[in-house]
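Shown next, in structure tokens, is the structure this report addresses.
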Amino acid sequence: MGIEVERVGHIGILVSDFERSFKFYTETMGCKVTNRRKGADGRETAFLRFGECHHDFVIATAPQGADVTSSQGGERLIQQIAFLVKDREAYLEGLAHLYKHGVTPASKPLVHGPEGGGGVQGSGSRSFYFLDPDGNRLEIYTDSVMVRNGEEFPREDIAEALNAFSKWEPA
């Protein structure tokens, strides 16, 4: 048996353009700034949060000469960073917000889980994958299939939500 982890505590990434990424994570993703500082070497770091925790996310200027721009399909040294949203309404509002901010999709909206099959039908969690300005793959998701006492607990299907985001296409 391993450590009993409840959820990801925080994630840190290196970025090629600190100001561009700082703006993306604070304005587009809605992170609050706990602390922002510049080190003696000139590299900047920001500790960001969504709630009351000191930080959920850290961005830092990449060391000079580091290659943080190459990627294959949005997967890099960090495979993805997933952001849980409260419910399906928040998920759909998030899709509209990301579209309005011109994010680069990495996939169409998906449903994961025993009935999802990777498409948009079923009772699994709703997920949308997209890229940040440096090509890191991000995900917003809600309604994960819960496992309680070793049994799957699928959520109900809602046709209205599926209909709303199945019509959405990236520009």
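Read the figures in this text as sums done on the coordinates, not as results from a lab. The shown structure was predicted, so the numbers you read here are calculated from the model rather than taken from an experiment. Every residue, glycine as well, gets a Cβ built from its backbone with ideal geometry; the counts of neighbours run over all protein chains shown.
For the reader, a short list of remarks on this structure follows.
- Anchor Lys108: lysines whose Cα lies under 18 Å away (excluding residues fewer than 8 positions away in-chain): Lys100, Lys167
- Under the simplified labelling scheme, the Gln80-Ser107 pair shows an inter-label distance of 0.4 nm, with each label point 7 Å from Cα along Cα→Cβ.
- Distance between the pseudo-spin-label points of Arg36 and Glu19 (7 Å out from Cα toward the beta carbon): 1.1 nm.
- Count Lys and Arg as plus one, Asp and Glu as minus one, and take only other residues whose Cβ is under 9 Å from that of Phe130; the net charge is then -1.
- If you take the alpha carbon atoms of region 9-64 and fit the smallest convex hull around them, that volume is 70 Å³ per residue.
- Amide H contacts under 5 Å for Phe57, placed H, 5+ residues apart: Ile11, Leu48
- FRET efficiency, Thr45 to Ala90 (Cβ-Cβ, R0 25 Å, nearest 0.05): 0.30
- Highest average packing first - 12-20, 125-133, Cβ atoms within 10 Å: 125-133, 12-20
- Taking 7 Å steps out from each Cα toward its Cβ at Gln64 and Thr26 produces label points 2.6 nm apart.
- In order along region 24-31, the phi-based Karplus estimate (6.51 cos²θ - 1.76 cosθ + 1.60, θ = phi - 60°) of 3J(HN,Hα) comes to 4, 6, 8, 8, 7, 8, x, 5 Hz; Gly and Pro are listed as x.
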